Structure formats: structure tokens, C-alpha cells
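Quick notes on the structure that follows.
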Amino acid sequence: MKLPPWLRRVAQPTFILPVLLAAALLIFAFKLGNLGDVVARLKLIPLSVLLYAFGFTVVYVALKALQLHLLLVNLAVRPGFGPFALAFSVGELTLTLPFGLFAQNWILSASARIRIGRSAAATVVMLLTEIAVVLLLLAVIGVRGWPQLRLAVVLALIVFALVLGAVVLFSHRLHRHAHRIANPLLRRLLLEAVELLAGLKRLSSPRLLALNLLIAAGYLFALLAAFFFVARGMGLPTLGFVTAASIYGFALASVLLGAGLFTQIGTVEVLGMMAAHEWGIGYTDGLAMMLGFRLVWTGSMWLINLPVLALLWRSIRPAAATKVV
């Protein structure tokens, strides 16, 4: 029996495995906490909390868009407002998917004929600055009950800096070898990698990195503040901001460092519940804050980015005779 094309795509391992993993993690989280209690709390979230969360989402989106714009400008990439807004919105809407953030680079390639490797350098720098900020946060506040975490975070920061420096310093060697590859597809992939590494080298000036770290700290603070207000609104009025930042910071750092490689859905919830438990918060309360924030934040992101996607999607043209830059 021949399956319809859409069903064959859904049955692909790259699609179905992340879905199954997310489902398994969520089921595990629901086993730890009382889902019925969590659903009851969701219905009681005050309107003021939703408005606070939406306001912080606007700040988050504005600062993150500013960061991407500045990085692209430093790469001599100026796609225009329409392609930029579309690419950024798609990237934010696909964040929870495997490698979803890089969807914005595909959109820039399709709508503004910008090489994926070049624009991906901006995306990678955004990701690296987020990792650096969250690791620094955890190095300062840690997670109660896990004293070894601070040492692990400091070591991760050192290894992180050394690897990044080595990649940038030796990127020119890959360029020499790329042109010797006979296979066209492999050669193209290597050339895109060379473009990416060249972009990373161009964006590695201390002044630019410091500016991006400040911007990333700004929008991640907005994210943590939104989580704090939603968690308080989910029945945890005594929760402190430092504790909330530690809980979500641990989950976010774990995901950014690879725990969410296949799926963020479920991974963030389980890791957040584990960190909350170390702070003396029960699994039901942990599930409430993590799942409640997931729903509120996702809803806010949709409200902001879906209209942009609906208005600008048609701006993607077939690969006309436009020069790829």
C-alpha cells in the first residue's frame, strides 16, 4: 500500500523521533507531577500576569531582532526589512524544533539570496552569546543542592572559549581543502562551512562580542522575568527571582548545550522540574511553573510572530536570477 506524500514525510525518522521523544518526556513529567492540579492552576493565572509576560516577550523579541540586525550588518548583509522580519519570525517560531533556529538562514537565502553559511555566522554568534550569558548566570547563582554545578559551569566556559578560539584561528585551512573535493554536494557543504567560519572570524572582535553579550543579557533577563511572574501566578507567591532564574537558567543551559538537540519540548520541563526539586519545590509545583510558562510564552510568541509570517510569506520568490551574496 502506497502512503500519501504527506504521510511519508511525517513517517520520516527526523520528524517522528523528536515527536516521540517529546511525548515520552512529557509523559514522564506528568507522572512526576499532578497534571490535574496543574490544569486547574492554568485556569487561575491572573490577566495581569499574562500582560506582564506579553510585555517581556515584546522586549525579548525587540532586543533579539536588534542583535541579529547588528550582526548581519557587520557581515555586510542587508536583506531589507521584509526578508529580515520574515526570517527572524520564522526562526523564533521554529526554535523548539531540531536546529529550528537555522530556519531563519534558509529564509534569508530563499527571500534575499544570501548565502546560508554567511548569515548562519550571525545565528551561531547569537547562540554562543546566549550560552555564555546563561553559563555565567549559573556560575554565580548555581542550583542549591548541586554544589558541583558551579565548577562544571566554569570548566564548560573555559572549554567553550578554547574551542571557539581554535575554530576561528584554523578556519583558513578548511578553505584550502574545500576546493580539492570532487563531490559537488560535499564541496558545496564545505564551502558553506568556510563561509560560516569566515563570518565567525569577522564577528569575533572583542567590542562586538561585548555588545552582543550585553544585548543577550538584556533579552534573557526579559525571558527570566517572564518566567518569574508566570511561576508566581501559578501558585508560588513566595518564589524569589534568584531561585526562578536558577531553575530556568539550568534548563535553558542544558538545552543550549545539547540536551535539546532533538526536541526542546519536554526536555525543558523535565530539567526545570529537577532543578526546582533541588530548591525544595515539589514536582507538581515544578510542572506547573514549567508547563504554564511554556504555554504563556509560546502564545505570546505566536501573537507577535505569526502575523509577520502571514503578511510576508509571499515575499519568498522562486530562485530568480538574483545574485546570491
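Odds and ends about this structure:
- Candidate set: the stretch 291-325, residues that are at pLDDT below 75 and either of a type in the set (Ser, Thr, Tyr) or surrounded by 11 or more Cβ atoms within 10 Å (Cβ to Cβ) (or both); chosen: the one farthest from VAL268 (Cα to Cα): THR322
- Checked against the criterion of being buried (at least 20 other Cβ atoms within 10 Å of the Cβ), modelled with pLDDT of 85 or more and over 17 Å from LEU203 (Cβ atoms), the stretch 34-42 has no qualifying residue.
- The number of residues in the stretch 70-94 that are closer than 15 Å to ARG118 by Cα and under 17 Å from the mean Cα position of the chain (by Cα) comes to 2.
- The set of residues in the stretch 225-242 being surrounded by 21 or more Cβ atoms within 10 Å (Cβ to Cβ) and in a helix (DSSP H, G or I) consists of ALA226, PHE227, PHE228, PHE229, VAL230, ALA231, GLY233.
- Qualifying residues in the stretch 270-290 (those that are small (Gly, Ala, Ser) and within 18 Å of LEU224 (Cα to Cα)) - the one surrounded by the fewest Cβ atoms within 10 Å (Cβ to Cβ): ALA275
- Residue satisfying all of: in the stretch 43-95; under 21 Å from GLU130 (Cβ atoms) and either among the hydroxyl-bearing types (Ser, Thr, Tyr) or touching a Cys at 6+ places or on another chain (Cβ under 6 Å) (or both); modelled with the lowest pLDDT among these: THR94
- If the condition is being closer than 20 Å to ILE304 by Cα and in contact (Cβ under 8 Å) with a residue 40 or more places away in the chain, then the stretch 63-84 contributes LEU63, LYS64, LEU66, GLN67, LEU68, GLY82, PRO83.
- Unmet requirement for ASN105, which otherwise passes all of (1) modelled with pLDDT under 80; (2) assigned to a helix (DSSP H, G or I); (3) under 27 Å from GLY266 (Cα atoms): (1)
Per-residue answers, yes or no, for (1) crowded, with 22+ Cβ neighbours inside 10 Å; (2) touching a residue at least 60 places away in the same chain (Cβ under 8 Å); (3) in a helix (DSSP H, G or I):
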| position | (1), (2), (3) |
| --- | --- |
| LEU86 | yes, yes, yes |
| SER89 | yes, yes, yes |
| LEU95 | no, yes, no |
| ALA110 | no, yes, yes |
| ALA120 | yes, yes, yes |
| VAL124 | no, yes, yes |
| LEU135 | no, yes, yes |
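- Residues that are farther than 19 Å from LEU196 by Cα and of a type in the set (A, V, I, L, M, F, W, C), drawn from the stretch 82-115: ALA85, LEU86, VAL90, LEU93, LEU95, LEU97
The values are calculated or read from the model by the stated rules, or taken from the named source; none is laboratory data. Computed from a predicted model, the values in this text were never measured in an experiment. All Cβ positions, glycine included, derive from the backbone under ideal geometry; neighbour counts span all protein chains shown.
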